[in-house]
Amino acid sequence: MHSMNFYRLTHSIVTRIILLGVVIVLFGAVVRYVLLSQYLREDLGRIVATQQVALAEYVAADLEAKLLSRRTMLGQMAATLPMDLLKRPKELRQWLGDRFALQPLFSEGMFVTDIQGLPLADFPQRPGRIGVTYADRDYIQSALQGKQMFGKPVVGRVAKEPILPLASPIKDASGAVVAVLVGVTGLDEPGFLTLPKPNALGEGSSFLLISPQDRFFIAASEEDWALKPTPPEGVNLLHDRAMAGYRGSGVTVSAEGREEIAGIASVPSTGWFVVSRLPTAQALASVSRAQSYVAKNSVVVLLAFLLLSTAFFWHVFRPLLHAADRADRMTKGELPLEPLPVHRDDEVGHLTQAFNRLLGKLQMHQSQLELAAHHDPLTGLPNRILLADRLTQTLARAHRNGLSLAVLYLDLDGFKPINDTLGHNIGDLALSEVARRLASTVRESDTLARIGGDEFMIVMGELEADSLSAELSAQAVAEKCLEVFATPFTLDGVERSLGVSIGVSVGDGACSPDDLRKSADEAMYQAKHAGGQRLVVVQCPMSMASV
């Protein structure tokens, strides 16, 4: 009897189905464990590496903006410093003090040296600075050769703490260097080279700011790293590549013996680079959680299959399968990127929430990239892409409300000689000043954009329905644009004249964007061929009048 029951049990279809189910569950558990672990490690590793590079680039861009603001300010001060003050130290100190009060970007003050590197005046006045030669400093030597330069971060002779000096040459009317203006900023000045604190962007996260040419740390999330030497060659291979010029991401073992994912980005104006670091164990912690989840769930699934049948098995894994299906369809582009629904507060729910948080960060980063893609990096004005969108919207409103609009095409007169003779840096300063002046002439509802080189475009909406009134409104703005070029531009210490040729196309909602741009472009060329520094107004697409 017992042998018969055993035979039936071993040869039962139910037993075979159960055994097949057990094998399938176990095999599926192993396959899921291996493949999911590999997929998550590779995919999440790429995502974290991209995120680290984005963080490093964001911090580097922030530092670059702060450095450039100081360079621009000091260059403008050097260009406008009255030459006769170099012989009157007290008045020169007062001149420095007035500007320090308005724009205190240099926390440790400013001073002026003669061509021998001896200070003539400083503000705030520091005992011990006057009479001490700075001729040996790299930034003084560079300025005496006519170049603006950030010096090597050092412990200041007067400040007695880590500082970053910036020197700009002071030139006379002939272009000869007659003195040097120096601005000094403390490395620990709040809001200057301050990096995010340790663990600010995740447990174990940190940032480094490194000067490869000087081979030391300028700043770091950890305290007391300023001006300390970098690790010797061979200790950190990714660091060695970064010192040699590599920028990007990688996995490395730090000098502390910790494996980490790092992103590297340059600070162009100084040659420094920023490193964003995150321990691999922290970055890939979700992989370990997913592995643990798969292992534990396999036991649950096996018991559920043996005790509660396939229905319970399906019930347990339905949310995971649903979330995985939606995530897979998102990766294939079949569904938009959006948070996955969280059905239960268990391991599946926790994993889904982690995915949703990661998706949110990626979408935020994408928004930042889209913002950068729609603005001119030099002037901060909308670029050609954003202008096209604004023009389309303005045309739609004009069509809907029965109003007129105008497009002003501006091309600078006399810019190429300045750019060719004085250099692209001076040309960039001229373009930035042109953008600033033009911005003061347009309404808040209008769009001023730089569409390339020395060309700008203004889109004016909400104009009167009457074409003549619309022309007069657009012409008034164009005349204001002409007026701002009446004042010479101070470039490289010398006043330079610039002009502008303006083509104005006035139309209504029935016009196409191409017709408006093309007719404005043709009107601009008429103004330029007529001698420049004037405007021509036309009706889109055929009517044309010259002013």
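The values are calculated or read from the model by the stated rules, or taken from the named source; none is laboratory data. Note that this is a predicted model, so its numbers are computed, not measured. Because the Cβ atoms are built from the backbone with ideal geometry, glycine has one as well, and the counts that use them run over all protein chains shown.
When you scan segment 31-42, do you find a residue that is under 29 Å from Leu164 (Cα atoms), in a helix (DSSP H, G or I) and not β-branched (Val, Ile, Thr), even just one? The answer is no; no qualifying residue exists. Counting just the residues of segment 84-105 that are in a helix (DSSP H, G or I) and within 21 Å of Thr72 (Cβ to Cβ), which one comes out farthest from the chain's Cα centre (by Cα)? For segment 84-105, the residue satisfying everything is Trp95. Residues considered: Gly499, Gly493. Of these, the only one that is under 21 Å from Arg437 (Cα atoms), within 33 Å of the chain's Cα centre (by Cα), modelled with pLDDT under 90 and among the small types (Gly, Ala, Ser) is Gly493. Here the condition is being of a type outside the set (Phe, Trp, Tyr) and modelled with pLDDT of 90 or more; of Ala242, Ala255, Ala220, it holds for Ala242 alone. Number of residues in segment 442-488 that are surrounded by 15 or more Cβ atoms within 10 Å (Cβ to Cβ), without any contact (Cβ under 8 Å) to a residue 60 or more places away in the chain and under 28 Å from Asp420 (Cα atoms): the value is 6. Reported count of residues in segment 126-153, each being touching a residue at least 60 places away in the same chain (Cβ under 8 Å) and buried (at least 18 other Cβ atoms within 10 Å of the Cβ), is 3. Restricted to segment 517-543, and to residues there that are hydrophobic (A, V, I, L, M, F, W, C) and in contact with a helix residue (DSSP H, G or I) (Cβ under 7 Å, 6 or more places away or on another chain), the residue that is surrounded by the fewest Cβ atoms within 10 Å (Cβ to Cβ) is Val538.
Sort through Ala173, Ala167 and tell me the only one that's surrounded by fewer than 18 Cβ atoms within 10 Å (Cβ to Cβ), touching a helix residue (DSSP H, G or I) at 6+ places or on another chain (Cβ under 9 Å) and touching a residue at least 24 places away in the same chain (Cβ under 8 Å).
Ala173
Residue count for segment 139-158 under the criterion of being assigned to a loop (DSSP other than H, G, I, E, B) and among the aliphatic types (A, V, I, L, M): the result is 1.
In segment 121-138, the residue that is nearest to Thr270 (Cα to Cα) out of those that are in contact with a Leu (Cβ under 6 Å, 6 or more places away or on another chain) and part of a strand (DSSP E or B) is Phe123.
Residues are listed down the side, and each one gets a yes or a no for (1) under 29 Å from Tyr58 (Cβ atoms); (2) assigned by TED's automatic domain parsing to the domain that holds Gly493:
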{"residue": "Leu378", "(1), (2)": "yes, no"}
{"residue": "Ala406", "(1), (2)": "no, yes"}
{"residue": "Leu410", "(1), (2)": "no, yes"}
{"residue": "Pro417", "(1), (2)": "no, yes"}
{"residue": "His424", "(1), (2)": "yes, yes"}
{"residue": "Arg436", "(1), (2)": "yes, yes"}
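For segment 159-194, the set of residues classified as assigned to a strand (DSSP E or B), under 22 Å from Arg88 (Cβ atoms) and not hydrophobic (A, V, I, L, M, F, W, C) consists of Ser168, Pro169, Lys171, Gly183, listed by residue number. Filtering segment 425-446 to residues that are of a type outside the set (Asp, Glu) and more than 22 Å from the chain's Cα centre (by Cα) leaves Ile426, Gly427, Ala430, Val434, Arg437, Leu438, Ala439, Ser440, Thr441, Val442, Arg443, Ser445. Applying the condition of being outside any strand (DSSP E or B) and not hydrophobic (A, V, I, L, M, F, W, C) to segment 489-516 and asking which residue is surrounded by the fewest Cβ atoms within 10 Å (Cβ to Cβ) yields Asp514.
Against the numbered list (1) over 25 Å from Pro268 (Cβ atoms); (2) surrounded by 13 or more Cβ atoms within 10 Å (Cβ to Cβ); (3) touching a residue at least 60 places away in the same chain (Cβ under 8 Å), Glu203 comes up short only at (2). Here Ile261 meets each of (1) surrounded by 17 or more Cβ atoms within 10 Å (Cβ to Cβ); (2) without any contact (Cβ under 8 Å) to a residue 12 or more places away in the chain with one exception, condition (2). Looking across segment 382-432, the residues that are polar (S, T, N, Q) and part of a helix (DSSP H, G or I) come down to Thr392, Gln393, Thr394, Asn401, Asn419, Thr421, Asn425, Ser432.
Here's the yes/no breakdown for (1) out of contact with any Pro (no Cβ under 7 Å at 6 or more places or on another chain); (2) loosely packed, with under 11 Cβ neighbours inside 10 Å; (3) at pLDDT 80 or above; (4) under 22 Å from Leu307 (Cα atoms):
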site	(1), (2), (3), (4)
Ile18	yes, no, no, yes
Tyr33	yes, no, no, no
Leu40	yes, no, no, no
Arg46	yes, no, yes, no
Gln51	yes, no, yes, no
Leu55	yes, no, yes, no
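Does any residue of segment 306-319 turn out to be at pLDDT 70 or above and on the phi < 0 side of the Ramachandran plot?
We begin by selecting, within segment 306-319, every residue at pLDDT 70 or above; these are 306-307.
This time we only want the ones that are on the phi < 0 side of the Ramachandran plot, so: 306-307.
Within segment 306-319, one or more residues are at pLDDT 70 or above and on the phi < 0 side of the Ramachandran plot.
Each residue in segment 29-45 was checked for being without any contact (Cβ under 8 Å) to a residue 40 or more places away in the chain and of a type in the set (S, T, N, Q), and 1 pass.
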